[in-house]
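The block underneath contains the structure these notes are about, expressed in structure tokens.
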Ligand SMILES: CC(C)(COP(=O)(O)OP(=O)(O)OC[C@H]1O[C@@H](n2cnc3c(N)ncnc32)[C@H](O)[C@@H]1OP(=O)(O)O)[C@@H](O)C(=O)NCCC(=O)NCCS
């Protein structure tokens with residue numbers, strides 16, 4: 001039954017490992033190559049216009065952020081999100097949030113005004129390349145990998161999100177083989193209890209400061225992430241959003257994000273999910289399907 005599992009497992013993890021090797025300059029170039037009105041700036045920066053104002057988008061690994069940049073990021077996150085976290089089942093945990101934000105695997109797109117000496121942080125987006133659980137009902141399931149061991153509670157892929165990508169070193173060249181068109185991946189013998197994994201860009205945060213909202217910066221940040229993630233070979237962008245954050249849910253829906261098949265409200269049904277205290281959606285957007293659409 002798992003004849004192809006090892007290879008497919010290796011493929012997802014190796015895709016993530018390859019994406020993680022990309023420099024911020026290479027990723028910024030991917031966004032520029034899409035030519036959506038961006039102008040080159042320096043190596044890892046590009047300029048985008050929003051309502052007649054120019055903004056500089058700069059990519060950076062968390063580990064390369066200066067302490068004043070970290071402070072500005074955390075200040076913006078706190079201003080936007082503390083009340084929502086405070087009212088959620090997770091609660092507001094500034095220490096845990098800071099650790100998550102500035103983990104070595106995190107990358108940031110920082111947004112500043114480009115045509116002004118006023119250097120406040122206007123917005124930022126934080127993401128990581130990682131593997132994520134994929135439902136057998138997902139349109140991308142046939143591209144997905146089977147993790148090395150199955151856990152009875154199906155929570156393994158979530159743990160996978162917490163750990164750095166691995167598993168490529170001893171897999172040899174076969175792990176880079178693109179077997180997405182392989183007949184063996186079509187109609188694979190997945191049963192409903194089987195966990196699958198897929199390579200994703202996980203969007204942890206998109207935060208626009210109050211006075212820069214509703215001029216298109218959030219949409220342009222997410223578009224830049226999709227461009228970079230698609231070029232880096234990721235299958236989808238995945239994110240978590242509080243049900244109570246109705247503005248953000250509207251924003252993501254407008255950008256064509258859908259509630260993912262692994263979201264509690266889909267897995268359990270909305271009523272049961274609410275009863276069990278799940279107060280968030282997992283939303284996602286397939287990058288592979290949008291490539292198919294773009295080509296046709
Ligand atoms: C949600 C957020 C990221 C949106 O960024 P933004 O730059 O203000 O949004 P954009 O201008 O790019 O909006 C694009 C579209 O999304 C939708 N949208 C954006 N904000 C919205 C809001 N408050 N209410 C309803 N729809 C909204 C609209 O359709 C909008 O298009 P339009 O302005 O032409 O109508 C921003 O408001 C924000 O940082 N909010 C606080 C933090 C937050 O909730 N982050 C998301 C955490 S998961």
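Some points to look at:
- Positions within segment 1-21 being modelled with pLDDT of 95 or more and surrounded by fewer than 18 Cβ atoms within 10 Å (Cβ to Cβ), in sequence order: 18, 20, 21
- Residues located in segment 35-53, provided they are surrounded by 15 or more Cβ atoms within 10 Å (Cβ to Cβ) and under 11 Å from residue 217 (Cα atoms): 48, 49, 50, 53
- From the list 87, 122, 141, 105, the lone residue that is within 17 Å of the chain's Cα centre (by Cα) and in contact (Cβ under 8 Å) with a residue 12 or more places away in the chain is 105.
- Looking at 145, 151, just one residue is modelled with pLDDT under 90 and buried (at least 19 other Cβ atoms within 10 Å of the Cβ), and that residue is 145.
- Qualifying residue in segment 216-235 (condition: modelled with pLDDT of 95 or more, within 16 Å of the ligand (Cβ to nearest atom) and in a strand (DSSP E or B)): no
- Restricting attention to segment 44-61, the residues that are outside any strand (DSSP E or B) and closer than 14 Å to residue 110 by Cα add up to 1.
- Just one of the listed residues (130, 115, 138) is modelled with pLDDT under 95, buried (at least 19 other Cβ atoms within 10 Å of the Cβ) and not in a helix (DSSP H, G or I), and it is 138.
- Taking residues in segment 207-219 that are within 15 Å of residue 52 (Cβ to Cβ), and partners anywhere that are within 6 Å of the ligand (Cβ to nearest atom), the pairs with Cβ atoms closer than 6 Å and at least 6 places apart or on different chains are 217/208.
- Tally, over segment 246-288, of residues that are within 21 Å of residue 196 (Cα to Cα) and touching a strand residue (DSSP E or B) at 6+ places or on another chain (Cβ under 7 Å): 15
- Of all residues making up segment 257-289, the number that are more than 16 Å from residue 202 (Cα to Cα) and within 15 Å of the ligand (Cβ to nearest atom): 1
- Odd one out for residue 70, checked against (1) without any contact (Cβ under 8 Å) to a residue 60 or more places away in the chain; (2) closer than 30 Å to residue 277 by Cα: (2)
- Taken as a whole, the condition of being modelled with pLDDT of 95 or more and near the ligand (Cβ under 8 Å from one of its atoms) applies to residue 252.
- Among the residues of segment 182-195, at least one is more than 19 Å from the chain's Cα centre (by Cα), over 27 Å from residue 58 (Cβ atoms), modelled with pLDDT of 50 or more and not in a helix (DSSP H, G or I).
- Residues within segment 62-87 that are buried (at least 16 other Cβ atoms within 10 Å of the Cβ) and outside any helix (DSSP H, G or I), tallied: 1
- Output for segment 88-112, where each listed residue is part of a helix (DSSP H, G or I) and in contact with a strand residue (DSSP E or B) (Cβ under 9 Å, 6 or more places away or on another chain): 100, 101
The values are calculated or read from the model by the stated rules, or taken from the named source; none is laboratory data. Since the model is a prediction, treat every value here as computed from it, not as a measurement. Neighbour counts are summed over all protein chains in view; Cβ atoms, including those assigned to glycine, are modelled from backbone coordinates with ideal geometry.
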